[in-house]
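This report concerns only the one structure given below.
Every read-out reported here was derived from the displayed coordinates using simple, explicitly stated rules and does not represent laboratory data. Computed from a predicted structure; not experimentally measured. Note that each Cβ is placed from the backbone with ideal geometry, even for glycine, and that neighbours are counted across all protein chains shown.
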Amino acid sequence: MRSWILPCFVVLLYAQLVAQEIYIINNENELKILDVSDFSVTQVLTVNTSTYGAMLDIAFNPDGRLFATTNFNTLIEIDLSTQQVSVIATLPSGGTYPGLGANANNELVTSKFLQQELYSYDIDTQEFSLVANNISTPGDFSYFKGNLIYPSFFNDFIKAFDGSNIVNVGCSVPLLFGIANVFEDCETNTIYAFDEDAKVYLYTLGEPEFEVVADLWTETGPIFGAATTTEYMASACDLVVPNSVECSVLSVNDYNPFGISLLINPVMDGIELLIPRPNFQLTYTLFNVQGASVCNGLVNSSYIDIGNLTAGWYILKLYDSNGRTVFTEKMIKQ
């Protein structure tokens, strides 16, 4: 009996010790550690963007190895002890992969974003498998009580996939790019989510409410992904599907002090804006689905030329003279 109790005690103690830490990545390709006990941030390393690409999301497997998807359509492994980076696989062609998670079967999960195809990657056999259709995220994957959880394709809900069915289990805020389970045991799961402005949200899945618990902008800048070393354990828990939630009207236009709107969406060669209060100085940035800025500038008129951009999903953000976001909208360029 003692030989069984001691290892289990050690595993639980380890989980409790590391459960306070969330690893995050930002737009500078930096890996940082967030201590959720006081929301302090510590720099770990920076991955060379020109060599390995921009990291889109990260995940830890059961062995504690750290992996990331990149905008080079590759899977990379980051050795935290040596800070060495290696490319381990090329992702299935024809898409982008902004989300990554890991489960207790030593598999990574990711999705081809626009095609909404969910893939698993077996780390042992180095093989990809198509798992399901109609599952995709612009942000992140994690696990919760046997369910795969993720911000939805349109970033309006947090969804849970039990292997067969998809349920809306949380109300998303605009542009959640990171979600992580601070896992202690199958009954103790704390879900944090991160938006592009580095605000941290605390969720109780199965309930529509959430709480803003921190603002990390000055320490991190835009956050693109998050992971804990223990969240894979939640995939092996007995399946408990959270209650389905009904959300009040949540949209990316909720905070819109200037009453700005897009006149046409989808767009062709340019973005046409309705700005009822045009006397304020505004700037804009357009992001692709990986969260990378593709163009920016002053809003000199109600028209922004994007004729040189490729077709696809984009996110338009407008800022006031203090640099605060005053308008955010998802849009399609045809």
| note | Long-range amide H partners of ALA89, meaning residues 5 or more apart or on another chain whose placed amide H is closer than 5 Å, are LEU75
| said: Could you work out how much longer the chain between THR74 and ALA104 gets when fully extended? Use 0.36 nm per residue separation minus the Cα distance between them, nm to one decimal. | reply: 8.6 nm
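Tell me what the chain gives for mean residue ellipticity at 222 nm when only DSSP H runs of n ≥ 4 count, each as -39,500 (n - 2.57), the sum divided by the residue total, rounded to 500 deg cm²/dmol.
The helix-only estimate for the chain comes to -2000 deg cm²/dmol at 222 nm.
Relative contact order, percent, of the range 2-236 when contacts are C-alpha pairs under 8 Å separated by at least 6 residues? Don't skip to the end; give the middle numbers.
Working: 637 pairs, mean separation 44.0, N = 235.
Worked out over the range 2-236, it gives 19 percent.
Under the definition of Cα pairs under 8 Å and six or more residues apart, what whole-number percent is the relative contact order of the range 17-70?
On the way: 78 pairs, mean separation 13.5, N = 54.
Relative contact order here is 25 percent.
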| note | Convex hull around the C-alpha positions of the range 261-333: the volume in Å³ per residue is 79
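Among the GluC sites (Glu not before Pro) in the range 168-232, which ones are in a DSSP loop with at most 11 other Cβ atoms within 10 Å of the Cβ? Mind listing them? List each step's numbers first, then the result.
Numbers: sites: GLU184, GLU187, GLU196, GLU209, GLU211, GLU219, GLU231; in loops: GLU187, GLU196, GLU209.
Answer in residue order: GLU187, GLU209.
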| task | Report the one residue of CYS295, LEU318, ILE271 whose Cα lies farthest in the direction of the positive end of the charge dipole of the range 261-333 (charges on C-beta: Lys and Arg +1, Asp and Glu -1; origin at the Cα centre). | result | LEU318
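Are there any trypsin sites (Lys or Arg not before Pro) in the range 53-155 that are in a DSSP loop and have at most 12 other Cβ atoms within 10 Å? List them by number. Could the numbers behind the result be given before it?
Values: sites: ARG65, LYS112, LYS145; in loops: ARG65, LYS145.
When the trypsin sites (Lys or Arg not before Pro) of the range 53-155 are filtered for loop state and at most 12 Cβ neighbours within 10 Å, nothing remains.
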| query | Sorted by average packing, counted as other Cβ atoms within 10 angstrom per residue and highest first, what order do 236-243, 131-138 take? | reply | 131-138, 236-243
| For the range 261-333, what relative contact order do you get, as a whole percent, if you take Cα pairs closer than 8 Å and at least 6 residues apart? | 34
| remark: Amide H contacts under 5 Å for LYS159, restricted to residues at least 5 apart in sequence or on another chain and with H modeled in the peptide plane, are TYR150, SER152, VAL169
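In nm, what is the difference between 0.36 nm times the number of residues separating ILE264 and LEU298 and their Cα-Cα distance? If you can, show how the numbers build up before the last one.
Values: separation 34, 0.36 × 34 = 12.24 nm, distance 2.01 nm.
Stretched fully, the ILE264-LEU298 segment lengthens by 10.2 nm.
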| Extension reserve of the GLU30-CYS247 stretch, reckoned as 0.36 nm per residue once the Cα distance is removed | 74.7 nm
| Residue of ILE58, ILE306, ILE315 that the Gaussian network model of the chain assigns the largest fluctuation, springs spanning Cα pairs under 10 Å | ILE306
| said: Give the aspartates and glutamates reachable from LYS317 as a straight Cα distance under 14 Å; neighbours fewer than 8 places away on the same chain don't count. | reply: ASP195, GLU196, ASP197, ASP254, GLU272, GLU329
| task | Determine, for each peptide in 79-88, 161-170, the mean count of other beta carbons within 10 angstrom over its residues, then list the peptides with the highest first. | result | 161-170, 79-88
| remark: Measuring from the longest principal axis of the C-alpha atoms of the chain, the long axis of helix 2-18 (C-alpha) lies at a number of degrees, nearest 10, equal to 20
| note | Per its Cα gyration tensor (rounded if a/c is under 1.5, else prolate when a/b beats b/c, else oblate), the chain is best filed as prolate
| task | Between the alpha-carbon centers of the range 175-237 and the range 19-57, tell me the distance in whole angstrom. | result | 14
